[in-house]
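The values are calculated or read from the model by the stated rules, or taken from the named source; none is laboratory data. Computed from a predicted model, the values in this text were never measured in an experiment. Positions of Cβ are backbone-derived with ideal geometry, glycine not excepted, and every protein chain shown enters the neighbour counts.
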Amino acid sequence: MAREPAGLPAAELKGLDLAAVAGGTRLRLRVKPGARRRALLGVLDGALKLSVTTAPEHGKANRSVLGLLAEVLDVPAGEIALLAGQGSRDKTVLVPLEPEEVIARLARGG
C-alpha cells in the first residue's frame, strides 16, 4: 500500500512562488520523473519540487504529477490544469485554490 505524501514545513513553503490569477493560483513545479517514490521534495528557486515514479513518456509522468497534486491539495485531478512544460521537468499548473489555501494544504500533505 502506498504511503500518502508528507507535507512540507511552513518555513520552506514561504519560498514558494505563487501567483493569484483568474481561476485560482499559478504554481511552478520542478519534477523528477522515474523516481523511486512519489513525494513532495521541497522548494527550489520558487518552484515546488516533487517526484513521481512514472517514466516521462507519452504524458504518463504529467498525469502522475497532476494526480499527486490533486491528492495532496485535496482537489479533483481534472480541476488542475497544466499550463506549460508538457515535455519539460519545469512545469506551470493552475490550481483552483487561493494561494493561502495552497500553502496550508501543502503543509498538511496528502
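Write out, first by first residue and then by second, each pair whose Cβ atoms fall under 8 Å of each other, whose residues are 6+ apart or on separate chains, and whose first residue, in the stretch 95-110, is at positive phi while the second is surrounded by fewer than 18 Cβ atoms within 10 Å (Cβ to Cβ). Pairs found: 109/4; 109/6; 109/7. Against the list (1) modelled with pLDDT of 95 or more; (2) in contact with a strand residue (DSSP E or B) (Cβ under 6 Å, 6 or more places away or on another chain), the condition residue 66 fails is (2).
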